[in-house]
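Single-structure report; data block below.
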Amino acid sequence: VASNITKTLDSWSEDHLTLSTQYAFSKGKRKYTFPRKVLGPTVSQAEAYDDMDISSLVSEFTHFGGKNVMLFAYGQTGSGKTHTMIGTDESLRHEVANSMFDVSENCDSKTSSGVISNSGWGIFPRVYSNAVQLLGECNRPYILSASAVEFHLGACFDLLSSSPKPVQVDPDTCDLVGATLRDMRDISDLLRFLTLVRTNRTTRSTRMNAQSSRSHAALILYLRQMDSNSYCQTAFTLVDLAGAERPTKTKEKRFTGTDMIIWQLSKGGEVPIGAQAFIVNWELTMIATEIEKATESYKKQNRCYKQPRQLSTDAIQFLSSGFNGTALTAMCLCLSSANVNGWETWFSLQWGESVSKLAIPVRSQKPVNIHKALVLAEREATMAKRELEGAAKNRFYAKRAFRVDVAYKKISDLKHMLDSVTNADESTNSDELSSF
């Protein structure tokens, strides 16, 4: 970047932003109109939730036979992504003692979307609160559970484990095999979940941010509902992407592809910040590229996009699963209005504009007979285990073992839901007998 070229966020209104570029002897302006809504720095968490219309996404998520949702948050390090998605540390320490909707001095009154929550909460806890409210208006049994993973240095790790625990991304379904799944029965479960995520996520001090996230984090809220003998599962995924950092700002060595190969071979000492930044920036570029591929596949060839299997990372594979028509995709772009961060703001806007071009039809999740699904899953597990037992320990052995893990995880999930629903029905019948 030439030292005599500067970029600054010139102005913004509700429907656009303008970025100025100052050259040596001239000045140019670029207007960005892709955002549906631009929010200023003084907006509250509750106002941000309402103005971004997150409640409409939650409505799609909670509908029986509804849709999956994937919401990205991106921006330079320190611009407020984690604050917007999760909330303040203080709000996570606040326990609501008796009921998940008790309103105390630290809680908002009802917002326009009907969500009652702590004033410091970000999007994820508000999504949970909103979902519980909508589900409470229905008579269907349901289970809410959650997982959290981080994508660090190209691999996937469980954020709910006390020690670094690798998680496998299923190459066919992009399911997170091995990730801890926690039931979300009340606000206490939610706060413990978010506290673990904040505590276990990989951060590191840089010259741009004292607690810079060095990984992408995905928080997934799973909803399983039953209606008669049919069940339907939907997922609401919030992705807090690692912020891009320029080596000229962090004063760290700029890594090239050759540097990465040399570092990979040496494997010595702590991972350099420059190496982390190289992987993060490459993944962000690839995500934008995959969005372009997904849109082109549908527009020009009228066929479904398939996520990459080679020359990829776990993050790219998992996030690309939202581009094949199985999830409504939305984005929250966090920007800095400070003149010193003009180049980072420009990069964020360029990346956001690329992501905003995603245009594909989204499929609803079809209800499935739970008993038939369980029989089919047990059959698949038996076949996969038989293949593994008779297989030689060659390069295909790990893949066969992976299929066994996937099959038994599916059985466990289905049985867990059946047991939970059965217990809920027994509790309801007991209450009816008592009242009678």
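The values are calculated or read from the model by the stated rules, or taken from the named source; none is laboratory data. What you see is a predicted model, and the numbers here were worked out from it, not measured in a lab. Cβ atoms come from the backbone with ideal geometry, glycine included; neighbour counts cover every protein chain shown. Surface accessibility is based on the protein's heavy atoms, side chains included, excluding ligands, DNA and RNA. Shrake-Rupley method; radii C 1.70, N 1.55, O 1.52, S 1.80 Å.
Things worth noting here:
- Fully extending the segment from Ser163 to Asn281, taken as 0.36 nm per residue of separation minus the present Cα-Cα distance, adds 39.8 nm.
- Contour excess over end-to-end distance, with Cα ends at Thr295 and Asn394 and 0.36 nm allotted per residue: 31.8 nm
- 20 Å Cα-Cα threshold exceeded, pairs from Lys81/Lys306; Lys366/Lys410; Lys29/Lys81; Lys37/Lys299; Lys385/Lys410; Lys299/Lys366: Lys81/Lys306; Lys29/Lys81; Lys37/Lys299; Lys299/Lys366
- Alpha-carbon centroid distance for the pair the range 333-353 / the range 123-139, whole angstrom: 33
- The range 276-294 and the range 1-33 have Cα centres separated by 24 Å.
- Gain in span if fully extended, Lys306 to Arg192, counting 0.36 nm per residue against the direct Cα distance: 37.5 nm
- With every protein chain in place, the range 148-204: carbon and sulfur % of accessible area (1.4 Å): 48
- Positive-end extreme of charge dipole, the range 264-391 - chosen from Trp346, Phe323, Pro361 (charges on Cβ): Pro361
- Which of His371, His152, His416 is most accessible, then next, and so on - probe 1.4 Å: His371, His416, His152
- Where labels lie 7 Å past Cα in the beta-carbon direction, separation of Ser26 and Asn4 in nm: 1.4
- To the nearest 10, the accessible area of Ser312 is 40 Å² with a 1.4 Å probe.
- Sorting Arg400, Arg93, Arg126 by accessible area puts them as Arg93, Arg400, Arg126; the probe is 1.4 Å, largest comes first, and only protein heavy atoms count.
- Size of electric dipole in the range 291-388: Cβ of Lys, Arg +1 and of Asp, Glu -1, about Cα centre, debye, nearest 20: 600
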